[in-house]
Amino acid sequence: MTALPTNLTAGTYVADPTHTQAGFTVRHAGISKVRGTVPVTTATIVVGDDIESSSVTATLDAAGITTGDANRDGHLRSADFFSTDEHNTWTFASTSVTADGDDYEVVGDLTIAGVTKPATLALEYTGSATDPFGNPRAAFEATTTISRKEWGITWNAALEAGGVLVSDKVVIALDVSAIKQA
């Protein structure tokens, strides 16, 4: 049993979607990065009496993906990438939460474009506070790197100088502010 971080109390926390963001970064043409966001529609963090009895579930709105370029966003929503007409949500459900000192790891099932695979998130608890409306909040940041090919997302284009347009490696970063439920 690993004790909870200082100032984090057991209970159920629900992500505040106006203060929560899921982002991704992927290398483009081998030389630059494209960044985007996917709206988090729901996320629940159950903080147990110890780290190991905690859990996380989340749902993201894949159709809301945005990179700042409408044409690219439309392509990402198409069958070449995420098929958001068929698979409009992505989900994550933890299977374990562990700690190593101040480092936390959340392992779970990540579903993207209808394919479910295990994923491991490196989690950081960034603190707790009471907001101006009296709501107790806890904040977390999490990151993972996945191979998009493992989720069946294989579209690409060869570059004249060699290499491909879109890298396989995708970095996912989450910034979550969650309100403790009564």
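Taking the criterion of being small (G, A, S) and in contact (Cβ under 8 Å) with a residue 40 or more places away in the chain, the residues of the stretch 13-37 that qualify are A15, A22, G23, A29, G30, G36. Of the residues making up the stretch 27-38, those that are assigned to a strand (DSSP E or B) and either surrounded by 17 or more Cβ atoms within 10 Å (Cβ to Cβ) or over 16 Å from the mean Cα position of the chain (by Cα) (or both) are R27, H28, S32, K33, V34, G36, V38. Can you work out which of the residues in the stretch 96-112 that are among the aliphatic types (A, V, I, L, M) and at pLDDT 95 or above is surrounded by the most Cβ atoms within 10 Å (Cβ to Cβ)? Looking at the filtered set, the residue picked out is I112. Screening T41, T12 for residues that are open to solvent by 40 Å² or more (accessible area, probe 1.4 Å), in contact with an Asp or Glu (Cβ under 9 Å, 6 or more places away or on another chain) and assigned to a strand (DSSP E or B) leaves exactly one candidate, T41.
Within the stretch 62-90, the set of residues being out of contact with any helix residue (DSSP H, G or I) (no Cβ under 8 Å at 6 or more places or on another chain), open to solvent by 50 Å² or more (accessible area, probe 1.4 Å) and either over 21 Å from K169 (Cα atoms) or not in a loop (DSSP other than H, G, I, E, B) (or both) comprises A70, N71, R72, H75, E86.
Can we say P118 is more than 20 Å from R35 (Cβ to Cβ), of a type outside the set (D, E), exposed (fewer than 12 other Cβ atoms within 10 Å of the Cβ) and modelled with pLDDT of 95 or more? Here the answer is yes, as P118 does meet what is asked.
Entry remark, the stretch 147-176: residues being under 30 Å from G11 (Cβ atoms) and open to solvent by less than 50 Å² (accessible area, probe 1.4 Å) number 4 in total.
A single entry from A138, A178, A129 fulfils the requirement of being free of Cβ contacts under 8 Å to residues at least 24 places away in the same chain, assigned to a strand (DSSP E or B), touching a Lys or Arg at 6+ places or on another chain (Cβ under 8 Å) and on the phi < 0 side of the Ramachandran plot: A129.
The values are calculated or read from the model by the stated rules, or taken from the named source; none is laboratory data. No experiment lies behind these values; they were computed from the predicted model shown. Heads up, the Cβs are rebuilt from the backbone with ideal geometry, glycines too, and the neighbour counts pull from every protein chain shown. Heads up: the accessible areas ignore ligands, DNA and RNA and are worked out on the full protein's heavy atoms, side chains in. Shrake-Rupley method; radii C 1.70, N 1.55, O 1.52, S 1.80 Å.
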